Amino acid sequence: MRRSLLFNIAFTSLLLGAPALAAEPARRVLRLQYSEDARAASCPGEAALREQIQARAGYDPFREDAPEELDVALVPRGADLVVTIRYRDAGGAISSEREFGVPNGDAACKVLTSYVALSIAFTLTPFGIDERTPAAAPPLDVAPAPTPAGRPAPARPQPAIAPETTPFTLQIGAGGLARIGVTGEVLGGFSCVLRARLRRNLTVGLETRNEIPILPPDARAGGEGAGQDPSTPAGSPVEQALYTRALLSGAVALCFHPRGPLVGCGLVEISTLLSSGQPGGDVDATVQMVALGARGGVEHALTDSLTLYAHAELLTTVLVRSAHAVDALTTPRLSASLGAGLLTGF
């Protein structure tokens, strides 16, 4: 009886003095400050973000009186939709900052909200990495136990790393442009664009352009160049002014999109110049040209799927094929243009 009483006393003492291993770890709470640009009004919003974080973390981590603050700001930037996450300590200083960006499109808001919820929930879990504490040292590599002779050693599983991918997207658009052409005349017209995003910062586009002279032929009398008519019966050549009827062209543009609204492109243009020997006359000359050049411009996202663009170009003709009237082109054979328009994704 005495032994049983002593055993019970000792066992009870051990239970009271042992740490509560099964106790629930302290849960981190934050004060959420959410903002989004008016151009991102189609995003799920703050309520959806709170629900996703709560579902992933397993509890509601947001309190108005929490000492730490979490700032989430979502805004379009160039061709991307970007969200910035800032953690602030009790003194208001930034303890950690992260940024996510996805190409702006119909599903961009939904994808970005999921990324943000996953990132925040991970920092709230007991096994998540706290940005304020240093990372633990990596575990030692322990050699596997020897395997029986004649059996190959099992392969060590490798951690799965999800590759960073950018969804393939297409955009179509149209706009207007004005050009000082290789004949020295001022042309105006419209362009159509089909553009594909190959990587996050790289696109390739196919463009068609149809341009005609802005000024009437009588205002351009004595144009920049003259072709040579066949000799008169007396044998003396007669110079005849050439007037542009239309410039039809197609171009391939390979563009780089750094962070921000700026865009830089390389261009290859193939064009056909239709000219007339007299105002209102029939087409007297057809000139085929190949030109190389560069483009600089800006792009601004108006909505999730609509983008405004503007650019300036400089092209130099490197190859000319003509039935006649090549001398009507100015030297050097340069052309400059300005353009603007709208792009929409699908």
**Fill in**
Counting only residues that are more than 14 Å from Leu343 (Cβ to Cβ) and open to solvent by less than 50 Å² (accessible area, probe 1.4 Å), segment 177-203 contains a total of 11
**Request:** Out of Gly280, Gly266, Gly205, Gly227, report the one residue that is assigned to a strand (DSSP E or B) and modelled with pLDDT under 70.
**Result:** Gly227
**Request:** Could you grab me the full set of residues in segment 168-190 that are under 19 Å from His257 (Cβ atoms) and touching a Lys or Arg at 6+ places or on another chain (Cβ under 8 Å)?
**Result:** Phe168, Thr169, Leu170, Gln171, Ile172, Gly173
**Prompt:** Is at least one residue of segment 123-135 farther than 17 Å from Arg28 by Cα and either touching a Pro at 6+ places or on another chain (Cβ under 8 Å) or at pLDDT below 85 (or both)?
**Reply:** yes
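When residues of segment 63-83 are filtered for being assigned to a strand (DSSP E or B), of a type outside the set (Lys, Arg) and either open to solvent by 20 Å² or more (accessible area, probe 1.4 Å) or closer than 16 Å to Asp304 by Cα (or both), how many remain? I'd like the intermediate steps shown before the answer.
Taking segment 63-83 as the starting set, the residues that turn out to be assigned to a strand (DSSP E or B) are 69-77, 80-83.
Cutting the leftovers down to of a type outside the set (Lys, Arg) gives us 69-76, 80-83.
Imposing the further condition that a residue be either open to solvent by 20 Å² or more (accessible area, probe 1.4 Å) or closer than 16 Å to Asp304 by Cα (or both) reduces the set to 69, 71, 73-76, 80-83.
Residues flagged as assigned to a strand (DSSP E or B), of a type outside the set (Lys, Arg) and either open to solvent by 20 Å² or more (accessible area, probe 1.4 Å) or closer than 16 Å to Asp304 by Cα (or both) within segment 63-83 amount to 10.
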**Fill in**
Among (1) of a type outside the set (S, T, N, Q); (2) touching a residue at least 12 places away in the same chain (Cβ under 8 Å); (3) out of contact with any helix residue (DSSP H, G or I) (no Cβ under 9 Å at 6 or more places or on another chain), Arg56 falls short only on (3)
**Request:** Search segment 293-307 for residues that are touching a residue at least 40 places away in the same chain (Cβ under 8 Å) and pair each with any residue that is acidic (Asp, Glu) and open to solvent by 60 Å² or more (accessible area, probe 1.4 Å) when their beta-carbon atoms are under 9 Å apart and the residues are at least 6 apart or on different chains.
**Result:** Asp304/Asp106; Ser305/Asp106
**Message:** Which of the numbered conditions does Glu97 fail, given that it passes all the others? Conditions: (1) more than 20 Å from the chain's Cα centre (by Cα); (2) assigned to a strand (DSSP E or B); (3) touching a residue at least 24 places away in the same chain (Cβ under 8 Å).
**Reply:** (3)
**Request:** Pick out the one residue from Leu247, Leu319, Leu314 that is aliphatic (A, V, I, L, M), crowded, with 19+ Cβ neighbours inside 10 Å, over 26 Å from Thr169 (Cβ atoms) and at pLDDT 80 or above.
**Result:** Leu247
**Prompt:** When residues of segment 12-50 are filtered for being surrounded by 10 or more Cβ atoms within 10 Å (Cβ to Cβ), at pLDDT below 80 and part of a helix (DSSP H, G or I), how many remain?
**Reply:** 4
**Selection within segment 87-121 - buried (at least 16 other Cβ atoms within 10 Å of the Cβ), more than 20 Å from Gln54 (Cβ to Cβ) and modelled with pLDDT of 80 or more** = Arg88, Gly101, Val102, Pro103
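Any residue that is within 26 Å of the chain's Cα centre (by Cα) and either in contact (Cβ under 8 Å) with a residue 40 or more places away in the chain or closer than 30 Å to His300 by Cα (or both) - is there at least one of those in segment 63-72?
So in segment 63-72, the residues within 26 Å of the chain's Cα centre (by Cα) come out as 71-72.
Still in the running and either in contact (Cβ under 8 Å) with a residue 40 or more places away in the chain or closer than 30 Å to His300 by Cα (or both): 71-72.
Looking for residues that are within 26 Å of the chain's Cα centre (by Cα) and either in contact (Cβ under 8 Å) with a residue 40 or more places away in the chain or closer than 30 Å to His300 by Cα (or both), one finds at least one in segment 63-72, hence yes.
The values are calculated or read from the model by the stated rules, or taken from the named source; none is laboratory data. What you see is a predicted model; the values in this text were computed from it and never measured. Neighbour counts run over all protein chains shown; Cβ positions are idealised from the backbone, glycine included. Each accessible area value is taken on the protein alone, full model and side chains, heavy atoms only, with ligands, DNA and RNA left out. Shrake-Rupley method; radii C 1.70, N 1.55, O 1.52, S 1.80 Å.
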